[in-house]
Amino acid sequence: MTKSAMDRQIELRLLDSDVRFTKGRKAVVAGLASAPGPLSAAELAETLDERVPLSSLYRSLAILEEAGVVAHHLGAKGLTRYELAEWLAGHHHHLVCVDCGSVSDVQIPPNQEESVRNLVAQIAALASFAPTDHALEIEGRCSRCA
Ligand SMILES: [Zn+2]
Ligand SMILES: [Zn+2]
């Protein structure tokens, strides 16, 4: 999705919730869209051109999450990170570094995704559970920490 197409989609979604797509919220979305993985509010603040108080970032993130544009990710050590919702970012999985705590997105080819879906269905079937979605968290060490 191009940036302008994404902005348009988000604008429509926010309109449904009576939320304006302000300059600040656009900056939050752009920051999350260009990140290699979910960001904490503090990490997001570092990527922004203007200095934005964390309190207002948390408010923007909460509003965007409420409207279904942003999703949160609970990483190692209970740190909350944020990313664009899957309908915007595409289905993907996460690599979580157990040393530095960084979280990176990883998208896998369709045939591998198919294998993951089959495995998930088999695991869920063991508990008579009907899976609708899944999220894979791979823990280990990132290239900087390995
Ligand atoms: Zn690391
Ligand atoms: Zn992600």
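The values are calculated or read from the model by the stated rules, or taken from the named source; none is laboratory data. Just so we're clear, the structure is a prediction, and the values are computed from it rather than from any experiment. Quick note on the areas: whole protein, heavy atoms, side chains included, nothing else; ligands and nucleic acids left out. Shrake-Rupley method; radii C 1.70, N 1.55, O 1.52, S 1.80 Å.
Nonpolar atom fraction for the stretch 29-112, defined as the carbon and sulfur part of the 1.4 Å probe accessible area, stands at 54 percent. Within the chain, DSSP assigns beta bridges of which about 70% are antiparallel (rounded to the nearest 5). For R25, the solvent-accessible surface with a 1.4 Å probe is about 40 Å², rounded to the nearest 10. Rg/Rh for the chain (Cα atoms only, Rh after Kirkwood) is 1.00.
A straight Cα-to-Cα reach below 20 Å connects K26 with the aspartates and glutamates D7, E11, D16, D18, E43, E46, D49, E50, E65, E66, E83, E86, residues fewer than 8 places away in its own chain not being considered.
The value given for the stretch 26-93 is a Kirkwood hydrodynamic radius of 12.0 Å, derived from the mean inverse Cα-Cα separation.
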